[in-house]
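Everything on this sheet refers to the single structure shown next.
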Amino acid sequence: MRCIMGQPARVVGLGRDTATRQRITIFAASGGIGRQVLAQAVAAGHDVTAVVRNPKKLSGEVRVVTADLAAPDPVALASAVEGADAVLSALGPRSNSEAGIASRGTRAVVQAMQATGVRRIVVVSAAPISTVPSPGRPRPPKHDPGDGFFIRNLGVPLVKAVFRKHYADLALMEDILRDSGLDWTVVRPPRLTSRPLTGTYRTAYAQNLRRGLTISRADVAHLMLRVLEQPETIQQAIGIAY
Ligand SMILES: NC(=O)c1ccc[n+]([C@@H]2O[C@H](COP(=O)([O-])OP(=O)(O)OC[C@H]3O[C@@H](n4cnc5c(N)ncnc54)[C@H](OP(=O)(O)O)[C@@H]3O)[C@@H](O)[C@H]2O)c1
C-alpha cells in the first residue's frame, strides 16, 4: 500500500503559517462535506468563493455564486472559477431524482475551468468506485486490494446493488476528470459520518483502506484542502478512512 502524508496524518489544519493562501472555489458548499470544506478553508485564511444553487443556505462573508449544476450556465461557472488556484467539489444527489448530477455538474465545472485556464480540481467520489465499470474504464479490477474478505464479498456487492445509479454517475465523473487534462485528485471515502474533525486518518493511493469502514465529512474536507499542498496527489484517486 502506498500511503501519503504518513499514517496517521499529523493533526494539523491548513493554518496560515503552514499553508500558502490560495484562491479556492468550492462547489456544493452547502452540503455536508462542502460546509466543512468552506469552514476549514475560511479558517485557514484562504480566499474563498462558494458556489451553491440556493444562496439562502449560506451565511458568512465569502463570495457566493449561485449556480444550479443541473442546468449549468457557462458564464456563471466561468465567473465562479476564473482566477482560482483550485476548485473543490463535493457535489452529489440529494435524492434519487437527482441521479446523474455528479457527472453532469462536474463536466460543466471542468469546461468552465478549461475555458478560464484553471487547472487544479479535487472532488469527492466513493470507495467502491475503484471496481465500478465506466465507459472510460470498462474493465476495472474485480476487487479493490484494500478490501478484506467480507467487504469484498458481502459489503461491496450489497452497496453496489443499492447505489448502482449513483456509483455509475461517480464512475463517469472520474472518467471526465481523467480525460480533462486538468490537475485532478479524486477522494474516495467509505461511509460518511458527521463526527468532528480529527485530522487523523489513513490514506492510500488508488485503493481503499483495510478495515476502514468510515470517515467523517470533516476529515474528508481536511484531506481535500491538504492535497492542495501536495503536487504528488495530482492525477491520483485517494482512499481515506480511520
Ligand atoms: N453518504 C455517504 O456515506 C457517502 C459515502 C461515500 C461517498 N459519498 C459521496 O460524497 C458526496 C458528498 O457527501 P455529502 O454528505 O456532502 O452530500 P450532501 O450533503 O448530500 O451534499 C450534496 C451537495 O450537492 C449539491 N447539489 C446537488 N445537486 C445540485 C445541483 N443541481 N446544483 C448545485 N448543487 C447541487 C447540494 O446542494 P443543496 O445543498 O442545494 O442541496 C449539496 O451541497 C455524496 O454525494 C456521495 O457522492 C457519500
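The values are calculated or read from the model by the stated rules, or taken from the named source; none is laboratory data. None of the values given here were measured: they were computed from a predicted structure. Note: ideal-geometry Cβ built from the backbone for every residue, glycine included; neighbour counts use all protein chains shown.
Data table
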{"item": "Any chance THR66 is touching a Ser or Thr at 6+ places or on another chain (Cβ under 9 Å) and polar (S, T, N, Q)", "result": "no"}
{"item": "Filtered residues of segment 129-158 (kept if within 21 Å of LEU192 (Cβ to Cβ) and either of a type in the set (A, V, I, L, M) or in contact (Cβ under 8 Å) with a residue 40 or more places away in the chain (or both))", "result": "ILE129, SER130, VAL132, ASP144, GLY146, ASP147, GLY148, ILE151, LEU154, VAL156, LEU158"}
{"item": "From LEU177, LEU223, residue being outside any strand (DSSP E or B), modelled with pLDDT of 95 or more and farther than 18 Å from PRO128 by Cα", "result": "LEU223"}
{"item": "Which listed residue, of ASP85, ASP144, is surrounded by fewer than 17 Cβ atoms within 10 Å (Cβ to Cβ), within 20 Å of TRP184 (Cβ to Cβ) and of a type in the set (D, E, K, R)", "result": "ASP85"}
{"item": "Yes/no for ALA67 being within 11 Å of the ligand (Cβ to nearest atom), of a type in the set (Gly, Ala, Ser) and surrounded by 14 or more Cβ atoms within 10 Å (Cβ to Cβ)", "result": "yes"}
{"item": "Close pairs (8 angstrom Cβ cut-off, 6 or more residues apart or separate chains): more than 20 Å from LEU197 (Cα to Cα) in segment 39-66, among the charged types (D, E, K, R) and within 13 Å of the ligand (Cβ to nearest atom) anywhere", "result": "ARG53/ASP68; THR66/ARG53"}
{"item": "Subset of segment 179-222 that is among the aromatic types (Phe, Trp, Tyr) and touching a Lys or Arg at 6+ places or on another chain (Cβ under 9 Å) - its residue that is farthest from VAL156 (Cα to Cα)", "result": "TRP184"}
{"item": "Lone unmet requirement of (1) in a helix (DSSP H, G or I); (2) buried (at least 18 other Cβ atoms within 10 Å of the Cβ); (3) among the aliphatic types (A, V, I, L, M) for VAL123", "result": "(1)"}
{"item": "Matching option when the condition is outside any helix (DSSP H, G or I) and surrounded by fewer than 21 Cβ atoms within 10 Å (Cβ to Cβ), among THR203, THR185, THR198", "result": "THR198"}
{"item": "Tabulated pairs, segment 101-117, first within 13 Å of ASP183 (Cα to Cα), second among the basic types (Lys, Arg) and not in a helix (DSSP H, G or I), C-beta under 8 angstrom, 6+ apart or interchain", "result": "MET113/ARG119"}
{"item": "Number of the condition not met by VAL110 [criteria: (1) surrounded by 14 or more Cβ atoms within 10 Å (Cβ to Cβ); (2) closer than 28 Å to ARG226 by Cβ; (3) over 17 Å from the mean Cα position of the chain (by Cα)]", "result": "(3)"}
{"item": "Hits in segment 162-206 (condition: among the polar types (S, T, N, Q) and closer than 21 Å to ALA221 by Cβ)", "result": "THR185, THR193, SER194, THR198, THR200, THR203"}
{"item": "Qualifying residue in segment 114-123 (condition: within 13 Å of the ligand (Cβ to nearest atom), modelled with pLDDT of 95 or more and under 14 Å from TRP184 (Cβ atoms))", "result": "yes"}
{"item": "Qualifying position, being more than 11 Å from the ligand (Cβ to nearest atom), part of a helix (DSSP H, G or I) and at pLDDT below 95, among LEU154, LEU172", "result": "LEU154"}
{"item": "Residue within segment 63-78 that is among the hydrophobic types (A, V, I, L, M, F, W, C) and at pLDDT below 95 present", "result": "no"}
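A quick yes/no check of all residues on (1) more than 10 Å from the ligand (Cβ to nearest atom); (2) hydroxyl-bearing (Ser, Thr, Tyr); (3) on the phi > 0 side of the Ramachandran plot; (4) at pLDDT below 95:
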{"site": "PHE27", "(1), (2), (3), (4)": "no, no, no, no"}
{"site": "GLY31", "(1), (2), (3), (4)": "no, no, no, no"}
{"site": "ALA43", "(1), (2), (3), (4)": "yes, no, no, no"}
{"site": "ASN54", "(1), (2), (3), (4)": "no, no, no, no"}
{"site": "GLU61", "(1), (2), (3), (4)": "yes, no, no, yes"}
{"site": "GLY83", "(1), (2), (3), (4)": "yes, no, yes, no"}
{"site": "LEU91", "(1), (2), (3), (4)": "no, no, no, no"}
{"site": "ALA99", "(1), (2), (3), (4)": "yes, no, no, yes"}
